[in-house]
Amino acid sequence: MAGVRTPREKWTNRTAIAAVFLALIIMLTPIYWITATAFKPRNLATTIPPTVFFTPEVSPFVKLFTKRSQLREQPTQEEYESAPWWEKMVVDGGEKVVRNRKTGEVRSSGYSDRFKNSLIVSIISTVVAVCMGTLTAYGFSRFKVKGEDDWMFFILSTRMLPPVVVAIPMFLMYRVVGLNDTHLGLIILYTAFNLSFAVWIMKGFIDEIPKEYEEAALVDGYTRMQAFFKVVLPEALTGMAATAVFCFITAWNEYAFALIMTNRNAQTAPPYIPSQVGSGLPDWTVIAAGTLLFLIPVAIFTFLLRNHLLRGMSFGAIRK
Amino acid sequence: MAQIEMKNVQKFFGQNQVLKDLHLTIENGEFVVMLGQSGGGKTTALRAIAGLETVTSGKILIDGKEVQDRKAADRDIAFVFQSFSLYPHMTVRENIAFPLRAVRMDAAERNRAVNETAETLQIAQHLDRKPSALSGGDMQRVAIGRALVRRPQALLMDEPLGVLDSKLREQMRAELKRLHIARGSTSVYVTHDQIEAMSLADRMVILHDGVLQQVGAPDEIYLKPSNLFVAKFVGSPVMNVVDVQIDGTRVALKGVETDFSFGEGMLAGLSKPGAGIALGLRPEAILLSHEKTKGYSEAVTTNIEPLGSHDIVDVRLGEAILRVRTASGFVGGEGQTVWVGLDTAQAHFFDNQTELNLRGAA
Ligand SMILES: Nc1ncnc2c1ncn2[C@@H]1O[C@H](COP(=O)(O)OP(=O)(O)OP(=O)(O)O)[C@@H](O)[C@H]1O
Ligand SMILES: [Mg+2]
């Protein structure tokens, strides 16, 4: 953006900045809404017009992690006084914390388990998809594969069908082989979704890496495998990071299959969060709190890989 | 150091035959330059020697041992790529040390070898930088260093100076020559720059459409081109080639009144019916005179290229345009009448049909 700017250009520039800001505001509004709702007292969550000023509370988060039931009889003054601060919040909301009958331990809601499931399934399927995708792409990029174009098209074509279309048959097949409601089952599914994508993206990246790099290593006394790990892989990391972000987001946000294929053991967060709408009266603050926490891993992951991501996106353009 | 032989080497890419029955012996310690037009198969030949490309048929021998079925890693040959292909994620030191790591040389010895190579190539001060921080010439030095560090049997270079600017090329050319003399490694060098080829080569190999055209020392190739392709390809400006009629000791050009006369016996056995004969004359084999001279023919200048040390003058002689090398300023301008003579000792005759030099190759 160096050089002389005419007044006209200055105005164009200002207009552009204004437009970007407007777009930003529109896009950030839902995030703001979720964040605000996650800290609202329950009675302010659904007011019309929306409540903008309120004293933030953490009660939605407390409720998110505990199992609760309707408060049938008010606790005694004594009981109320002796309860910890977070339990008071639940009681103030007209509910009580469910405890284990024998040990008196507080029963947790399913959220943290679902969250853990989401992490396990997303991380493993992402790693597997990116690794397999990179190797496959390397093969297609460097070796003569008979009918290469047809194979690549075939790989892509697995994404042309909306996955939900095959959900019922998949469900039946999974039930037969016992993959229903298992981590492995979801990992296989998500890896399969992401693999075709990973192959295509990585093929582009690996095509960009001059094959002379490996050839130099080959004449210098390395095997093809060593050349791949020592020379190609370091160069492909950027692309792998970019691919990983996309795969992770897809797996993390996947809803339909998670809803159909899992119910308790392996259920991920996406089908769990809305299921809370149905238990008693919907408590939107709890749902907002669950959603807000759910956004964080993707944000962190993307943030950590942001440099790679940016370089990855402009890879083809900048290289000679 | 090693001798490299190619015997009956053929290479097909699908239907496309890229190397056609190649026979070539490169002697121990020799610097051989492969020269040819784009697509001539130079790179393919080099890659076949290195083991980066399998040959369709034929044999490749290194020191008498057949290697055509061996992996690149087992041939003990180094390759310098046109693109340098230095590993961007490694420092210069790591780049140069990379081939030594493959053979698991111990660290102290490795360091010594790297430092020594860097000294020779004058890149010691860059050892801890990344390749991207180097100039083109230094990248090139690193690439050569990486090739030389493990003292390979032979050094193959595919247009290693191709991406450098002309000044740097000239300088690197001299350095390569010096390095070759110091190390004496068997080297095969590919280029399509004939000046580079002439100045570096012990012997030159001219490759065209996958067919070996001529092998010989640079002056041999220049003075005794074996066929029309070599004659036209080597030398700048390009050799003049005109169709002629031969009669006894006289050579007639179309549209020229005076025949050129050659010495007794110089044209023996050259008169040939059929497609006829082409006369090849390098720009310095044509003599110009301002005055009418015996045995010279009248011609008109059509264009002058002043090049400082000499001029290239185009003259119209009969139906042909000849390019002539003269002292600078010898001809004042276009449209002048001059008299053209030949240095008969430097005349070449080619069969128009077979394109072969009728006096035989060197
Ligand atoms: N991997 C390949 N697959 C198919 N055809 C190839 C391959 N490599 C080279 N060729 C073909 O072989 C022919 C010779 O190529 P080669 O690269 O050996 O020529 P070259 O003499 O090195 O040319 P240049 O001066 O342009 O580098 C060309 O027609 C080229 O298209
Ligand atoms: Mg080439």
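A few notes on this one:
- Area buried, chain A against chain B - accessible surface, total, 1.4 angstrom probe, square angstrom: 1700
- Across the options B:Ala278, B:Gly318, B:Ala268, the greatest Cα extent toward the positive end of the charge dipole of the range B:228-362 (unit charges at beta carbon of Lys, Arg, Asp, Glu) belongs to B:Ala268.
- Cross-link partners of B:Lys65 among lysines (Cα-Cα below 30 Å; sequence separation of 8 or more within a chain): A:Lys144, A:Lys211, B:Lys7, B:Lys11, B:Lys20, B:Lys42, B:Lys177
- Annotation: for a label point projected 7 angstrom from Cα along Cα→Cβ of B:Ser261, no residues of the range B:308-329 have a backbone N closer than 13 Å.
- Put a plus charge on the Cβ of each Lys and Arg, a minus charge on the Cβ of each Asp and Glu, and nothing anywhere else: the dipole of chain B about its Cα centre is then about 1240 debye.
- Scattering curve values for the range B:232-351, log₁₀ I(q)/I(0), Debye with Cα scatterers, q = 0.13, 0.17 Å⁻¹: -0.49, -0.83
- Restricting the calculation to Cα atoms, every distinct pair contributes to the Kirkwood radius of the range B:1-43, found to be 11.8 Å.
- Model label points for A:Ala16 and B:Leu358, set 7 angstrom from Cα along the Cα-to-Cβ axis, are 7.1 nm apart.
- Averaging over all projection directions, the Cα-based convex hull of the range A:170-244 occupies 6.4 nm² in the image plane.
- Relative contact order computed over chain A (Cα-Cα under 8 Å; 6+ residues apart), in percent: 24
- For A:Phe54, nonlocal amide neighbours, meaning residues 5 or more places apart or on other chains whose placed amide H falls under 5 Å from its own, do not occur.
- Computed over chain B: relative contact order in percent, which uses C-alpha pairs under 8 Å that are six or more apart: 16
- Using the alpha-carbon positions of the protein assembly as shown, Rg (one decimal) and Dmax (whole number) come out as 39.0, 137 Å.
- The candidates B:Lys65, A:Lys10, arranged from most to least accessible area with a 1.4 Å probe in the full protein assembly, appear as B:Lys65, A:Lys10.
- With N as its number of residues, chain B has a Cα radius of gyration that, divided by 2.2 N^0.38 Å, comes to 1.20.
- On a per residue basis, chain A carries 59 Å² of accessible surface, using protein heavy atoms and a 1.4 Å probe.
- Under Karplus coefficients 6.51, -1.76 and 1.60, residue-wise ³J(HN,Hα) of the range A:23-31 in Hz, glycine/proline x: 4, 4, 4, 4, 6, 7, 4, x, 5
- Amide H contacts of B:Leu287 (H built 1.01 Å from N, under 5 Å, at least 5 apart or other chain): B:Gly341, B:Leu342, B:Asp343
- Loop-located chymotrypsin sites (Phe, Trp or Tyr not before Pro) in the range A:80-188 (DSSP state other than H, G, I, E, B) with a sparse environment of at most 11 neighbouring Cβ atoms within 10 Å: A:Phe143.
- Summed over all non-identical Cα pairs, the Kirkwood treatment of the range A:143-185 gives a radius of 12.6 Å.
- Look at the dipole of the range B:1-86 built from charges on Cβ: of B:Phe84, B:Ala50, B:Gln17, the Cα furthest out on the positive end belongs to B:Gln17.
- Whichever lysines have a C-alpha closer than 23 Å to that of A:Lys102, once near sequence neighbours (fewer than 8 apart) are set aside: A:Lys63, A:Lys67, A:Lys88
- Taking amide H atoms as placed 1.01 Å from N in the peptide plane, the amide H of B:Leu317 lies under 5 Å from those of B:Leu322, each 5 or more residues away in sequence or on another chain.
- The range B:232-351 - percent of accessible surface contributed by carbon and sulfur, probe 1.4 Å: 46
- The spread of Cα positions in the range A:111-313, taken along each principal axis and listed from longest to shortest, comes to 70, 38, 25 Å.
- For the range B:64-208, the relative contact order is 30 percent, taking Cα pairs closer than 8 Å that sit 6 or more residues apart in sequence and dividing their mean separation by the residue count.
- Stokes-Einstein D (µm²/s) once Rh is taken as the Kirkwood radius of the range A:66-107 over alpha-carbon pairs, at 25 °C in 0.890 mPa s: 233
- To put it simply, the accessible area of chain A at a 1.4 Å probe is 67 percent carbon and sulfur.
- Heavy atoms of the protein chains alone define the surface here; on that basis chain B has 44 Å² accessible area per residue at 1.4 Å probe size.
- Highest mean packing comes first when the peptides B:191-199, A:299-307 are listed by Cβ atoms within 10 Å, giving B:191-199, A:299-307.
- Expected-Rg normalisation [2.2 N^0.38 Å, Cα atoms] applied to the range A:1-160: 1.82
- Note on B:Asn303/B:Arg70: beta-carbon distance plugged into 1/(1 + (r/R0)^6) with R0 of 35 Å gives a FRET efficiency of 0.05.
- For the range B:92-107, residues shielded by at least 20 square angstrom of accessible area compared with the chain on its own, probe 1.4 Å: B:Phe98, B:Pro99, B:Ala102
The values are calculated or read from the model by the stated rules, or taken from the named source; none is laboratory data. Everything numeric in this text was worked out from a predicted model, so none of it was measured. Every residue, glycine among them, receives a Cβ derived from its backbone with ideal geometry; neighbour counts consider all protein chains shown. With ligands, DNA and RNA removed, areas are computed over all heavy atoms of the protein, side chains included. Shrake-Rupley method; radii C 1.70, N 1.55, O 1.52, S 1.80 Å.
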